[in-house]
Amino acid sequence: MSQVLGRTDTEADFVRSARWLAAGVLGGFVTGALVGGMGGRIAMFVLRLTSSPSLHGLQTDDDFTIGIVSGATVFLLGLTAFVGMLGGLVYLGVRGWLPARWRPWVTGGVAGVVGGAIVIRPGGLDFTLLEPLPLAVVMFTVIPAAYGVVLSFVVERQLRDGSFVRRSWVWAVGILPLALVALTGPIGLAAIIVLVTIWLLHRAVPSLGPLWRSTPVRWLGRCLLAALVTVELAELAGDINEIL
């Protein structure tokens, strides 16, 4: 009887963890594709209209052909969905560090700074020949910021009782995109191993959960996030200054 109860308890804990994980995975996957992928494609379309027609047919820094809608658009949607899913996992890990009332706006600010610093690169075609450059800088900073805001709203909604991922077996569909992580190679497999290890540690040492949510760890996490934003903001400001 004790073995049955133990197995039942393990299964129940697994489903609870899977539903929590599915909120971040599914929320990040969908938000990344819609906000990052579609938003990025719309931004490039706008810049195509505002830039010189002589640029049509040239390859951008990300290997997209200006003025042509091709299979690269599907690749863009897949890539942004994948990156968005990773962002959803990161959000699950750090959401406890963020003030509950301001989570969407703080997440948007962090994502805007970090995402902008990654995307905006001086010297490339995207931020040299496309016009107007201020519009390009604004759009490719706003898109990751919008992703962060929407991601937070979507994930927080899915973590509530009665949400989509809390329905029977829907959580399995929610974590299905994780299979894409495993297919990316050693890094993807390492990420899966890390997630499984965290779950096993949570089962073996229940006190780790309360410790991670404790006030000292929360403030330490906030300091780390503040340091990250400071460094990335300085890099972003330097890149924008060089571009403009």
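The values are calculated or read from the model by the stated rules, or taken from the named source; none is laboratory data. Just so we're clear, the structure is a prediction, and the values are computed from it rather than from any experiment. Note that each Cβ is placed from the backbone with ideal geometry, even for glycine, and that neighbours are counted across all protein chains shown.
Given the structure, is E242 of a type in the set (D, E) and over 26 Å from F82 (Cα atoms)? Yes.
Return yes or no: is V113 buried (at least 21 other Cβ atoms within 10 Å of the Cβ) and either within 17 Å of R222 (Cβ to Cβ) or touching a strand residue (DSSP E or B) at 6+ places or on another chain (Cβ under 6 Å) (or both)? When the stated conditions are applied, V113 passes them.
For D161, the conditions (1) more than 29 Å from G39 (Cα to Cα); (2) among the acidic types (D, E); (3) surrounded by 12 or more Cβ atoms within 10 Å (Cβ to Cβ) all hold with the exception of (3).
Criterion applied to G93, G88, G84 was being without any contact (Cβ under 8 Å) to a residue 12 or more places away in the chain and more than 19 Å from E235 (Cα to Cα), and the one residue passing it is G93. When restricted to residues that are at pLDDT 85 or above and surrounded by fewer than 11 Cβ atoms within 10 Å (Cβ to Cβ), the stretch 196-222 contains 2.
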